[in-house]
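Here's the structure we're looking at; comments come further down.
The values are calculated or read from the model by the stated rules, or taken from the named source; none is laboratory data. Note that the structure is a prediction, hence the values are computed from the model and not measured. Don't worry about glycine lacking a Cβ; one is built from the backbone with ideal geometry, like all the others, and counts go over all protein chains shown.
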Amino acid sequence: TNRQKVESITGVGTCGENCHATIINPLGFAFENFDAVGAVRATDRGFPIDTTGTYHFVDGRVITYTNAVDLSKQLAKAPEVHACYSRQLLEFMLGRDLALLDTGNVGELAQQSLDKTSIKDLVLSVVASNAFRSRSFERSAP
C-alpha cells in the first residue's frame, strides 16, 4: 500500500525517522482512505487501508485515532492546535512576523477559537485589535 511504501522510505530506521515517522506521516495516514481527487476508498492496490495512528505532541501528550474524522475531532479539542491556528491567522492578517507584544492577542484568539468562535468573528477580533490598527517597531519573536 501507499502507507507501506511511505513508511519504508521515511519511517523508523531511515533518515526521515525524526520528522516524517513521528510528525508528518501519522497525520497523513489518517487520510489514506481518500484518493488523489478526494473520493473515498477502502483498499489500496487490493489491500485494506490502515488509517489508524498515534500522534505525539511536543509536550509529550499522545493521541491515538482511527481515521481522519476521529483525528479531526481530537485536534479540535487541543489548545495547542488553536494557538497555532491563531498565530498563523494573526501573522497573515498583520502582514508581518509576530512580535512579543502580540502574545496576548494570540492567547485571546486561541481561547476564542477553542470556544468555537466562528472564523468570521476571529477575523473581526483581529481587525478590532490595536496590533491591526497600528504598526509596532518591536523585534520579531524568536
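Observations on the model:
- Of the residues making up region 88-138, those that are farther than 19 Å from A76 by Cα and not in a helix (DSSP H, G or I) are G95, R96, D97, L98, A99, S129, S134, R135, S136, F137, E138.
- Screening V126, V81, V106 for residues that are over 23 Å from L27 (Cβ atoms), surrounded by 13 or more Cβ atoms within 10 Å (Cβ to Cβ) and modelled with pLDDT of 95 or more leaves exactly one candidate, V126.
- Put simply, of A68, A30 the only residue that is modelled with pLDDT of 95 or more and under 14 Å from N2 (Cα atoms) is A30.
- Pairs where the first residue, in region 47-71, is in the same structural domain as P26 (by TED's automatic domain parsing) and touching a residue at least 60 places away in the same chain (Cβ under 8 Å) and the second is among the hydrophobic types (A, V, I, L, M, F, W, C) and assigned to a strand (DSSP E or B), C-beta under 9 Å, 6+ apart: none
- The listed residue being in a helix (DSSP H, G or I) and either at pLDDT below 95 or among the β-branched types (V, I, T) (or both), out of I63, I9: I9
Residue by residue, here is whether (1) over 30 Å from S129 (Cβ atoms); (2) surrounded by fewer than 15 Cβ atoms within 10 Å (Cβ to Cβ); (3) not β-branched (V, I, T) holds:
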site	(1), (2), (3)
T51	yes, no, no
V58	no, yes, no
V62	yes, yes, no
Y65	yes, no, yes
L71	yes, no, yes
L75	no, no, yes
Y85	no, no, yes
M93	no, no, yes
L100	no, yes, yes
